[in-house]
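These notes are about the structure you will find just below.
The values are calculated or read from the model by the stated rules, or taken from the named source; none is laboratory data. Keep in mind that this is a model prediction, so the values were computed, not measured. Positions of Cβ are generated from backbone atoms using ideal geometry, with glycine treated the same way; all protein chains shown enter the neighbour counts.
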Amino acid sequence: MIDFRRSSRMRHRTAIEAVHISFLLIACCVVGDSLTAQETGEATTRFVDCSLLIASEYPATWPTYPFPRFQLIHEQAIGADSAYNIDVLLIDGNTGTQLDVPPHSVMRPDLNREKSGPFGLAYTDKIEAWQFGGEACIIDVRDLLDKAPNGVSPLVLPSHIEGFEQQHRKLRLGDVVLFRSDYSDTYYRPFPEGQRYIADVVDRKSPGYPDPNPETMEFLATRGVMTLGTDSASMGPMPNLAEPTHYAGLRHGMIWTEAATNLGQLPATGAFYCMLGPKHANGPYSETRAFAVVGGDLPARLIASTRQKRAIDLSPTLAMNLPVTNPGRLAGRHRQVYLKVDFLYSPDLDMWHHTHLMDATAGTHLVSPAFALPPEGAAVEYSPEVRGWLAEYESKYGRRGLSSRTTDKVPLDWTCGDARVVDVRSLVGTTQKSAWPASPEITVDLLIADETAHGAYERDQIILFHTGHLDQHFKPTPDDKGVWLDPLTGKSEGWPALSPDAINYLHLKGVRCIGTDAPDLGGVDPRQALMTYWTLGGHDMVGVEFLYNLGSVPKDAYFLFAPTRIRDCHASPGRAIVLH
């Protein structure tokens, strides 16, 4: 959350604003409760999670054959064989809250068919970062909920859009049009109740979810709208308008969120809405994390950036020929490699629908406190080597912590904030070859020197360490060994990594989230890395790892990252961008 207590002047201004807000709320009670949150002028900033929780007992995946079911595999738990909680995901891009991009329905230009077009190549890894966000414009269609026969969707018509425009303003480029029916809020439940969400509609046992028809999509295209969302299970009306509606919007280059939730917590206009998902190569869709920012000055700042297309992508692409997963130093110690698994061929698109099997730390990802810390009450028996490291750690830093904070329990405002890039490239080449495998250490002295040169770190800043490692070494096979394998095996120097003392220093400064454009925050020395993660988790701090392009981040940038919302996952993939 935004800290409004940084100075006495700020406290005084906030107090005055609070009085104004109180009078305004009283006035609202007198005239009725129909005013939106934006119209009542929320003074403080809050983040609203618009994503469904992904778990195996929820209707998170499309239920018809042969779509694969989501699986979270706790491959390794903290104990004698592992110092970390290691998770593997089997996750289809149509899981939970999801992102659709044009190739979902638009054919590749080289096919030269009726539905071919240039947007047939606009995969998830090709969409420009500015299009993922904008000003939320809520089209209230709650009156349509369940107002149709079984298996049939009530239709959102152009007249619904016109009604919004008459009440608020004309839609335009940079708006994110969100259809609010409260469908996900009402029907996304654990099984067996969860059958009502999609399966009962497919089986014509229950009314369909409200959705726009093709004419509505064409109408929005005339307004220049490029980003949409729905809190229905899909953007496609049942039973036979799903593809026509998809194509009507996607052919114009639109992208959208499906299966959003909590849209009722957003004002009709004025909130910033964003959807960020893993950057799968040639992906026609992707699991995503949708959220909104409401109140205060921040939404307007972020909206202005997206309208002016001032956005920078900080996540490398995920692909099978790229070094996105830790290969381990020794045999049998590698993480699950990133795999694209085809399961259904679409002859109309000449494309395979696919899922992914991958380590939860593949590509840009979040590590939670529970990644390296056991929960309260857990009986942990480390290996003798790690027990020695723990004794050394606790003699210097005090008791190692405990945590049950998995990635789904990390608040969104912890991983979003003003970006502060710390250039540590001067450390590259400072270790002795005879000591490899070794990583240069990011020390407290280096942090103090950076503050002396560029100003003090501030509470809730996102501190991003620019090592240049991925910028230099992230290459496809066979030239991929510079990212992980050569540093881990001592054939080249490791990437700069944080010391526990440096994390302690940042904690004292009020920093919650640390990022790096290196493979991880810990470095190539397993002892030092574990102590780094113990310290990070012990302070209830989180890390965003495997970024790139940090050299392009300007001083006034705002960092946005949100992990895929998977219950009980100790790390989780996502995408990072900055708006400036």
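Summary of computed values
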item: Which listed residue, of Arg180, Arg172, is surrounded by fewer than 18 Cβ atoms within 10 Å (Cβ to Cβ) and either modelled with pLDDT under 95 or within 22 Å of Leu99 (Cα to Cα) (or both); result: Arg172
item: Matching strands (runs of 3 or more DSSP E) fully within the stretch 34-137 where at least 2 residues are aliphatic (A, V, I, L, M) and touching a strand residue (DSSP E or B) at 6+ places or on another chain (Cβ under 9 Å); result: 71-76, 86-92
item: Close pairs from the stretch 327-344: first within 30 Å of Tyr65 (Cα to Cα) and free of Cβ contacts under 8 Å to residues at least 60 places away in the same chain, partner of a type in the set (Ser, Thr, Tyr) and in a loop (DSSP other than H, G, I, E, B), Cβ under 8 Å, at least 6 apart; result: Val337/Thr325; Tyr338/Thr325
item: Residue within the stretch 241-251 that is in contact with a Ser or Thr (Cβ under 8 Å, 6 or more places away or on another chain), over 19 Å from Gly120 (Cα atoms) and at pLDDT 95 or above present; result: yes
item: Residue among Ile442, Ile463 that alone is touching a strand residue (DSSP E or B) at 6+ places or on another chain (Cβ under 8 Å), free of Cβ contacts under 8 Å to residues at least 60 places away in the same chain and closer than 17 Å to Asp520 by Cβ; result: Ile463
item: Considering residues of the stretch 429-440 that are assigned to a loop (DSSP other than H, G, I, E, B) and not β-branched (Val, Ile, Thr) only, the residue surrounded by the most Cβ atoms within 10 Å (Cβ to Cβ); result: Ser439
item: Residues of the stretch 313-322 classified as touching a Leu at 6+ places or on another chain (Cβ under 8 Å) and buried (at least 18 other Cβ atoms within 10 Å of the Cβ), total; result: 3
item: Qualifying residue in the stretch 387-395 (condition: in contact (Cβ under 8 Å) with a residue 40 or more places away in the chain and more than 25 Å from Thr516 (Cβ to Cβ)); result: no
item: Residue within the stretch 288-300 that is among the basic types (Lys, Arg) and free of Cβ contacts under 8 Å to residues at least 60 places away in the same chain present; result: no
item: Test: residue in the stretch 565-574 that is of a type outside the set (A, V, I, L, M) and at pLDDT below 95; result: no
item: Residue tally, condition over 20 Å from the mean Cα position of the chain (by Cα) and not in a strand (DSSP E or B), over the stretch 409-428; result: 5
item: Residue that is surrounded by the fewest Cβ atoms within 10 Å (Cβ to Cβ) [pool: residues in the stretch 441-461 that are hydrophobic (A, V, I, L, M, F, W, C) and touching a helix residue (DSSP H, G or I) at 6+ places or on another chain (Cβ under 9 Å)]; result: Ile448
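Residues are listed down the side, and each one gets a yes or a no for (1) in a loop (DSSP other than H, G, I, E, B); (2) surrounded by 16 or more Cβ atoms within 10 Å (Cβ to Cβ); (3) under 27 Å from the mean Cα position of the chain (by Cα); (4) touching a residue at least 24 places away in the same chain (Cβ under 8 Å):
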site	(1), (2), (3), (4)
Arg204	yes, no, no, yes
Tyr209	yes, yes, yes, yes
Ser232	yes, yes, yes, yes
Thr245	no, yes, yes, yes
Gly249	no, yes, yes, yes
